[in-house]
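J.: Attaching a single structure in structure tokens format; questions to follow.
The values are calculated or read from the model by the stated rules, or taken from the named source; none is laboratory data. Note that the structure is predicted; figures quoted are calculated from it, not measured. Using ideal geometry, Cβ is built from the backbone for each residue, glycine included, and neighbour counts are taken over all protein chains shown. With ligands, DNA and RNA removed, areas are computed over all heavy atoms of the protein, side chains included. Shrake-Rupley method; radii C 1.70, N 1.55, O 1.52, S 1.80 Å.
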Amino acid sequence: MKKVLMILMAAFLFVGIVACGGKTTTEAPTTSAPTTEAPTTDAPTTAVNTLPVLAGVVDVDIYVGDEFDPLAGVTATDAEDGSLTASIELTGTVDLNTAGDYTLTYTVTDSNGGETVATRVVSVLALTLVYPSGVYNFKFETTELRHTFMAAAEKYLMNNMYGGVPVFANGGFNVYSSRLQLPVQDYVAVMGYGTGFSTMTADDSTVLMDDGNPGNAGQYTFRTTISTNPGTWNQWLYDTSTDSDLMGVYMDALYTYQFNDDKTGYEVVPSMASSNPVPIYSRETETGKTVSKVWQITLRDDLEWYYHPDTVTTGLATGHEVIDANDFVDTFKLALDKQWFRAISGGGDFITSSNKIKNAQAYLDGDATWDEVGIKKINNLTFEFEFVDEQSDWNVRYFLSSFVMTPINMELYDALGASYGTSNTTIAYHGAYYVDYFEADKVLRYLKNPEYHTPTEYFFTGYTFSVIEDSDVRFQEFVAGKLEAASVPTQYYDAYKNYPGIKQVPGATTFRLMINGLGTVDNQVTQFPGSTFVPEPLLANDDFKMAMFFAIDRQKLAEEVLKTSTTQMYLFSDAYLVEAELGVPYRQTVEGMSVGEGLSPSTYGYNRDAAEALWEIAIADLVADGVYQKGTSSAFTVIELGLNIFSGSIAQALFGDYIKTTFENTFISYENFIKVQINVETKDFPGIYYDYMMVGEFDLSIGGIFGSTLDAASFLDVFSDDNRGGFTLNWGVDTSTANIEVLYETVDGVKHLEMWSYNAITAALNGTVYIEEGAEAVVPFAVIDDATPYGATFTINEFNNPDYTNIKYTVQEYNVDDGNYYDLAGYIDLVPTA
């Protein structure tokens, strides 16, 4: 595999340099006159002065724009005087903005007048901007390089608002019951306050349950709420946060998150697995990471299914209670066969994610057999993944820490068919709890799973999830003593902000104003064939997109209007890490902070003057282009923009009012007599996504997607213009053109100044990609394998393996019988031309 071209440089040694010419002491002169006294035997000896020694004066190469301290690392020492570093005299200068060689002279003199002089050449090198070509993979590059490219990608989105306009993060305030004993008092990244690991000081007999009656003595139930009914009980099909919350309690995972020993952080440890993944045919990268494409996972030998007492298990095959490698592999195959959502899309899947499996796409296309897919059973307790891209131990554990990557009960599925996963009694459980009772629109009650492999892992004897859509009602249930925890609605914050059980919860999701920037009917129909929606041209103007960003006072919105949200101006909040093993939030790195340059970070992006100026530029251009007609002082031209918000939320209504007022007061042109009018419309969840944003049937809409917080780079694909991640919500953007300038340094210290496209950066941070002139391209290959069909020249359709094996192709075959050419497709091993 070709990687970034690296130029090796000779290392400079620090040497001491001693110059001649310093003054020394000589012997006293003697006389030739005779003497009558015997010569003395204790005549004084002569002393020799040792010259000072300069160290660290070595030639050095730096780049235009670098920082350089000419005295850094330079020292002077003297045998008689000790350190003379502070007495070094420096002559000569270095122009850090102009390429060239600069000579610096260092002089030091000791107390006896001994002098040492040394010189060095500082070469300031110019960086030439290039458009890179070749095969790149930054997945295991240095932390600094990965942060640099991550920041370059986010900065591009922020400087064009191609990812939508950030407005606030979904943080808030929770209140907790007095009997709940949280394991930590301070919020811990990923683990939060660790409610699942809490204990209780009193049992259920001291509190009211969901039916309004006291609970049972000796039981400790965590009482909470959800806003909607579960949508599915099959983890491979879920697509809402409600289902995720519910499944996370009754489903286990191969690896799970636990507090570290001092509860200051987290660990990803084996749960259903018996140990960490084992690499096969591994290698060590230049950055010191052990990586491999093939990893084996061994299971615990005590895993068993638990069935609800009402689940009919008669007739199931012998041994159906045992969970082993067959369950995992058979489920993975079924998920691909059925094209279940979480197997083929959604981030942590087999097809599109950075953890994509060898031949999974070919199998889906009917071009490979199951035996050729990189999922195999090794023995009854061990199975194997072969990935398209190399993975580290951390990558694999993170990939398998989701409850999705666990089996369904195949015997029960075979017995129930389409009915599997339609209720709490049509699945089998392997988590710490199971759903004992479900009543739609009312409650789900969980009890401990008696077959769970580690029965003492969690304190609670059960959970209740009351189904309550209205946040106000949920909070009132907490006040009435029926819940362990609740979020504080905006309208109650002031009254409860000093409540002893209140805690702030930072948000991982940045909510954004999503933008339909397609601009014209032709663009709308091209993107969404058959659409009759007419997009607003103003929203296709990049200056207006930036005007919307600067118009919003985010601190006022979050803290005064919404009150319980978190002020946020970036696409990625403090919850996101690029290098999870390092443990430092990307937002707090030097590279992450650089994204705010030019975006008024001191005011969280609010700059009314900039908003008005950009608005005037945008509207003047659009008027000049004939898109809008200039109005008059008595009859303004009105541009109407629809704004979709979530229904059933007071906070969302307040948000809509704030945006309406802010935009309508800001975007008024008295030069062209044009103004903006915002029409706020409420939409139900999740239709606001599926029926509007994802199909381009909107002007502006509030929305937010929770990404992979421990692998922020894997979340970049949701902002790509080709909808490669399946969750693009902003339209009319271009992320395919190489127009992002990136200055980065490779592990050997060589700097590169290159122009990349957003899509190319996204691909390179997550795996192997072929780049041509800074943009993604079809990799050029010559076929020299004996298996070349018909000796033909190939068109490569898909570059899906960095080893150049199993590449999809099409070729035209000439049929001598009818004189026609026919397209044939297949997979073949190729050899790169360069």
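J.: Using a 1.4 Å probe and ignoring any ligands, DNA or RNA, find the accessible area of ASP69 and quote it in Å² to the nearest 10.
T.: For ASP69, the solvent-accessible surface is approximately 90 Å².
J.: Which order do GLU411, GLU451 take by accessible area at a 1.4 Å probe, largest first?
T.: Largest accessible area first, the list is GLU451, GLU411.
J.: Taking the range 673-759, how much of its Cα-Cα pair set, in percent, is spaced more than 16 angstrom apart?
T.: More than 16 Å apart: 68 percent of the Cα pairs in the range 673-759.
J.: Sticking with this structure for a sec: Please work out how much accessible surface VAL190 shows to a 1.4 Å probe, ignoring ligands, DNA and RNA, in Å² rounded to 10.
T.: Roughly 60 Å² of VAL190 is accessible to a 1.4 Å probe.
J.: At 0.36 nm per residue, and after removing the present C-alpha to C-alpha distance, how many nm does the segment from SER647 to TYR131 gain when stretched out fully?
T.: Extra length available between SER647 and TYR131 comes to 181.0 nm.
J.: Among PRO450, ASN260, ILE619, which residue has its Cα furthest toward the positive end of the charge dipole of the chain, with +1 on Lys/Arg Cβ and -1 on Asp/Glu Cβ?
T.: My answer, from the dipole projection, is PRO450.
J.: Helix-only estimate, please: 222 nm mean residue ellipticity of the chain, summing -39500 (n - 2.57) across DSSP H runs of length 4 or more and dividing by its residues, to the nearest 500.
T.: Taking each H run of at least 4 residues, the total per residue is -5000 deg cm²/dmol.
J.: Given contacts defined as C-alpha pairs under 8 Å and at least six residues apart, what's the relative contact order of the range 93-232, whole-number percent?
T.: Dividing the mean separation by the residue count of the range 93-232 yields 11 percent.
J.: Related question: I'd like the Karplus ³J(HN,Hα) series for the range 483-498: coefficients 6.51, -1.76, 1.60, θ = phi - 60°, whole numbers in Hz, and an x wherever there's a Gly or Pro.
T.: Per-residue couplings from phi come out as 10, 7, 7, 7, 7, 8, x, 3, 6, 10, 4, 4, 6, 10, 5, 9 Hz.
J.: Of the chymotrypsin sites (Phe, Trp or Tyr not before Pro) in the range 676-719, which ones lie in a loop per DSSP and count no more than 11 other C-beta atoms within 10 Å?
T.: none
J.: If we restrict to alpha carbons, what Rg and Dmax does the range 412-480 come to, in Å?
T.: Here Rg and the maximum Cα pair distance are 15.1, 46 Å.
J.: Moving on to the next point. Given a 1.4 Å probe and heavy atoms of the protein chains only, how would you sort ASP389, ASP66, ASP657, largest accessible area at the top?
T.: Descending order: ASP657, ASP66, ASP389.
J.: Same structure, new question: State the antiparallel share, in %, of DSSP beta bridges confined to the chain, rounding to the nearest 5.
T.: Here the share of antiparallel DSSP bridges comes out near 80 percent.
J.: Kirkwood Rh and Cα-based Rg: tell me the resulting Rg over Rh for the range 213-368, rounded to two decimals.
T.: 1.00
J.: Something else about it: Which Cα, out of PHE399, VAL769, TYR238, lies furthest along the positive dipole direction of the chain (beta carbon charges, K/R +1, D/E -1)?
T.: So the residue furthest toward the plus end is TYR238.
J.: State the Kirkwood hydrodynamic radius of the chain in Å, one decimal place, computed from all pairs of distinct Cα atoms.
T.: Here the Kirkwood hydrodynamic radius works out to 31.5 Å.
J.: Still on this model: So, for the chain, what is the accessible surface per residue at a probe of 1.4 Å, expressed in square angstrom?
T.: Solvent-accessible surface per residue comes out at 44 Å².
J.: Accessible area of ILE280, 1.4 Å probe, to the nearest 10 Å²?
T.: We get 40 Å² for ILE280.
J.: Could you grab the relative contact order for the chain? Cα pairs under 8 Å, six or more apart, rounded to a whole percent.
T.: With pairs under 8 Å counted, the relative contact order is 15 percent.
J.: Please report, largest first and rounded to whole Å, the three semi-axes of the ellipsoid equivalent to the range 480-623, where each semi-axis is the square root of five times an eigenvalue of the C-alpha gyration tensor.
T.: The answer is 35, 21, 19 Å, longest axis first.
J.: As a quick test, which of the pairs LYS545/LYS630; LYS356/LYS376; LYS358/LYS751; LYS139/LYS358 have an alpha carbon distance above 24 angstrom in this structure?
T.: Flagged as over cut-off: LYS358/LYS751.
J.: At 37 °C and 0.692 mPa s, what whole-number value in µm²/s does Stokes-Einstein give for the translational diffusion of the range 284-358, with Rh from the Kirkwood sum over Cα pairs?
T.: Rounded to a whole number, D works out at 210 µm²/s.
J.: Using a simple charge model, +1 on the beta-carbon of Lys and Arg, -1 on the beta-carbon of Asp and Glu, nothing else, what dipole does the range 393-474 show about its Cα centre, in debye to the nearest 20?
T.: Once rounded to the nearest 20, the dipole reads 160 debye.
J.: Using a Förster distance of 35 angstrom, determine the FRET efficiency expected from the C-beta separation of ALA613 and GLU560, and round it to 0.05.
T.: Taking R0 as 35 Å, the efficiency between ALA613 and GLU560 is 0.85.
J.: Can you list residues from other chains, or at least 5 along the same chain, whose modelled amide H is less than 5 Å from the amide H of ASP470?
T.: Correct list: empty.
J.: Full extension from GLU469 to ALA217: what is 0.36 nm times the residue separation minus their Cα-Cα distance, to one decimal in nm?
T.: Separation in residues times 0.36 nm, less the Cα-Cα distance, equals 87.7 nm.
J.: Moving on to the next point. Please compute the net charge surrounding VAL268, taking Lys and Arg as +1 and Asp and Glu as -1 over other residues with Cβ under 13 Å from its Cβ.
T.: Residues near VAL268 contribute -3 overall.
J.: Be a star and scan the range 118-142 for residues whose amide nitrogen sits under 15 Å from the point 7 Å along the Cα-to-Cβ vector of ASP101.
T.: Only 119-126 pass the distance filter.
J.: Sorted from largest down, what three extents in whole angstroms do the Cα atoms of the range 154-241 have along their principal axes?
T.: Cα extents, longest axis first: 59, 34, 23 Å.
J.: While we're here: Which log10 I(q)/I(0) values, to two decimals, does the range 335-489 give at q = 0.10 Å⁻¹ under the Debye formula with one point per Cα?
T.: -0.55
J.: Counting only residues 5 or more places away or on other chains, whose amide H sits under 5 Å from the amide H of MET200 once H atoms are built in the peptide plane?
T.: Sorted by chain and number, the residues that satisfy this are GLN181.
J.: Using a 7 Å offset from the Cα along the Cα-to-Cβ direction at both ASN380 and LYS497, what is the distance between the two label points in nm, to one decimal?
T.: Simple spin-label model gives 6.3 nm for this pair.
J.: Further question: Once the Cβ-Cβ distance between GLN185 and GLU439 is put in as r, and R0 is 25 Å, what FRET efficiency do you end up with, to the nearest 0.05?
T.: Efficiency for this residue pair is about 0.10.
J.: Measure nothing fancy, just the Cα-based angle from helix 650-666's long axis to the longest principal axis of the chain, in degrees from 0 to 90, nearest 10.
T.: It is inclined by approximately 60 degrees.
J.: Measure off 7 Å from each Cα along the Cα-to-Cβ vector at THR77 and ASP684, then give the distance between these two points in nanometres to one decimal.
T.: Each label point is offset 7 Å from its Cα along the Cβ direction, giving 8.0 nm.
J.: Carbon-plus-sulfur fraction of the accessible area of the chain, 1.4 Å probe, in percent?
T.: Its accessible area is 49 percent carbon and sulfur atoms.
J.: Moving to a separate point now. Beyond 16 Å, what percent of the Cα pairs of the range 652-715 remain?
T.: 62
J.: Rounded to whole Å and ordered largest first, report the semi-axes of the equivalent ellipsoid of the range 473-558 derived from its Cα gyration tensor (root of 5λ).
T.: 42, 18, 10
J.: Follow-up question, since we're still on this one. Taking 7 Å along the Cα-to-C-beta vector as the label spot, tell me the ALA55-SER531 distance in nanometres, rounded to one decimal.
T.: 6.7
J.: To continue, here is another question. Check SER701: other-chain or 5+ apart residues with amide H under 5 Å from its amide H, H built from backbone geometry?
T.: HN-HN under 5 Å from SER701: MET514, ASN644.
J.: Here's another thing I want to ask about it. May I ask for the net charge around TYR131, where only other residues with Cβ less than 11 Å from the Cβ of TYR131 are counted and Lys, Arg are +1 while Asp, Glu are -1?
T.: Local net charge: -4.
J.: While we're here: Where nothing but the Cβ of Lys and Arg (+1) and of Asp and Glu (-1) is charged, how large is the charge dipole of the chain around its Cα centre, in debye to the nearest 20?
T.: 1520
J.: Using 10 Å bins from zero, what percent of all Cα-Cα pairs in the range 130-176 falls into each bin?
T.: 19, 31, 29, 15, 5, 1
J.: Compute the angle between helix 325-337 and the longest alpha-carbon principal axis of the chain, please, reported from 0 to 90 degrees and rounded to the nearest 10.
T.: 80
J.: Taking only the Cα atoms of the range 44-170, how large is their convex hull per residue, in Å³?
T.: Per-residue hull volume (Cα only) is 231 Å³.
J.: Run the reach check for LYS497 against lysines, Cα to Cα strictly under 24 Å, same-chain hits fewer than 8 apart removed. What comes back?
T.: LYS482, LYS556, LYS563
J.: Identify the GluC sites (Glu not before Pro) of the range 228-298 meeting these criteria: DSSP loop state and at most 16 other C-beta atoms within 10 Å of the C-beta.
T.: GLU286
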